[in-house]
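Note sheet for the following structure.
The values are calculated or read from the model by the stated rules, or taken from the named source; none is laboratory data. Predicted, not measured: the structure shown is a model, and the values here were computed from it. Here the Cβ positions follow ideal geometry from the backbone for every residue, glycine too, while neighbour counts run over all protein chains shown.
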Amino acid sequence: MSFLVVEKPRPHVTLVTLNRPERMNAMAFDVMIPFRQALEEINHDSDTRVVVVTGAGHGFCSGADLTDSGRVPNIEGLTLPTVSMRAMELLDDVILTIRKLHQPVIGAINGAAIGGGFCLSLAFDIRIASEAAYFRAAGINNGLSSTELGLSYLLPRAIGTARAFEIMLTGRDVDAAEAERIGLVSQVTPGPRLLDACFEVAERIIGWSRVGVEMAKRLLWSSLDASSLEAHMRHEGVAQLYVRNLTGNFEEMIRARREGRTPVYLDDVSQKSPPQA
């Protein structure tokens, strides 16, 4: 059985399913390495405009696999400290690969997102949860720290510092209803409708300009690292001028509104002038 399933259920949408339900899709290297490789391939798939990631079975991802973590490749001759660093880097790369993807990534959080699974969910651009979903920063529950895979960086930026400190230091569960209330997820839906809800959001995104969507994703993420409001505003301004001056998207939108139709964005400067009869 493949631990990862990649399919295209809708035009321009790629669905990636972590497929180890008997282990609640735990982050064994046998799962995470193919997952990262699949994401890298999707990144260069020009037909894919939106990526949806979910888990098989009742859990989204239960974090580290405490029974069988799989094998870290290329570690022959290395000592335990170095192997441990290589292992963490492999998992870090999954988070960073999601962030760098050209396409927006929607997390369909179908169940428990625990420990590393919580971290993984925070890497997605949009999170939609089923009513059965819940989140737990589990490191603290295991006698460790909850700080892993960017959690202490991403969570405060998603929900604010006060809530992040409380959730990470207590290790308590955040259910779907609370997750929606505090902005951890954008919406909660009954389990049978979860993927349809994600596909509906994806369809709306696909209707916009590809370059506009990609630029918005880049700017939203880069805002988290901005040194100042002014510096980020300069960055935003250049991005806006890039799309405005190097495509005819704005002109196409004006024509479409005047003609009462849906715009067709080609992300091409040729649309600045109407086609010749």
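Quick one: would you say Ser209 is among the hydroxyl-bearing types (Ser, Thr, Tyr), modelled with pLDDT of 90 or more and either over 24 Å from Arg49 (Cβ atoms) or touching a Phe, Trp or Tyr at 6+ places or on another chain (Cβ under 7 Å) (or both)?
Working: among the hydroxyl-bearing types (Ser, Thr, Tyr): yes; modelled with pLDDT of 90 or more: yes; either over 24 Å from Arg49 (Cβ atoms) or touching a Phe, Trp or Tyr at 6+ places or on another chain (Cβ under 7 Å) (or both): yes.
Considered against the rule, which asks whether it is among the hydroxyl-bearing types (Ser, Thr, Tyr), modelled with pLDDT of 90 or more and either over 24 Å from Arg49 (Cβ atoms) or touching a Phe, Trp or Tyr at 6+ places or on another chain (Cβ under 7 Å) (or both), Ser209 comes out as yes.
Screening the candidates Ser209, Ser186 for the property of being in contact with an Asp or Glu (Cβ under 6 Å, 6 or more places away or on another chain), of a type in the set (Gly, Ala, Ser) and in contact (Cβ under 8 Å) with a residue 40 or more places away in the chain yields one hit, Ser209. Residues that are touching a residue at least 40 places away in the same chain (Cβ under 8 Å), at positive phi and aliphatic (A, V, I, L, M) are absent from region 40-59 altogether. In the set (1) surrounded by fewer than 12 Cβ atoms within 10 Å (Cβ to Cβ); (2) more than 17 Å from Ile109 (Cα to Cα), Leu266 fails one condition alone, (1).
Residues in region 1-26 that are modelled with pLDDT of 90 or more and of a type in the set (S, T, N, Q): Thr14, Thr17, Asn19, Asn25. Would you confirm whether or not region 21-34 contains a residue that is among the aromatic types (Phe, Trp, Tyr) and either within 29 Å of Val213 (Cβ to Cβ) or not assigned by TED's automatic domain parsing to the domain that holds Leu149 (or both)? No, region 21-34 has no match at all. For region 213-231, a tally of residues being farther than 13 Å from Gln103 by Cβ, in contact (Cβ under 8 Å) with a residue 12 or more places away in the chain and surrounded by 15 or more Cβ atoms within 10 Å (Cβ to Cβ) returns 1.
Can you find a residue that is out of contact with any strand residue (DSSP E or B) (no Cβ under 8 Å at 6 or more places or on another chain), among the hydroxyl-bearing types (Ser, Thr, Tyr) and either loosely packed, with under 12 Cβ neighbours inside 10 Å or not assigned by TED's automatic domain parsing to the domain that holds Ile106 (or both) anywhere in region 164-179? Walk me through how you get there before you give the answer.
So in region 164-179, the residues out of contact with any strand residue (DSSP E or B) (no Cβ under 8 Å at 6 or more places or on another chain) come out as 164-166, 168-170, 178.
Going one step further and asking which of them are among the hydroxyl-bearing types (Ser, Thr, Tyr), we end up with 170.
In the following step, the residues that additionally are either loosely packed, with under 12 Cβ neighbours inside 10 Å or not assigned by TED's automatic domain parsing to the domain that holds Ile106 (or both) were identified as none.
Scanning region 164-179, I find no residue that is out of contact with any strand residue (DSSP E or B) (no Cβ under 8 Å at 6 or more places or on another chain), among the hydroxyl-bearing types (Ser, Thr, Tyr) and either loosely packed, with under 12 Cβ neighbours inside 10 Å or not assigned by TED's automatic domain parsing to the domain that holds Ile106 (or both), so the answer is no.
When every residue of region 33-40 is checked against the conditions, at least one turns out to be crowded, with 17+ Cβ neighbours inside 10 Å, under 23 Å from Arg218 (Cα atoms), of a type in the set (A, V, I, L, M) and at pLDDT 95 or above.
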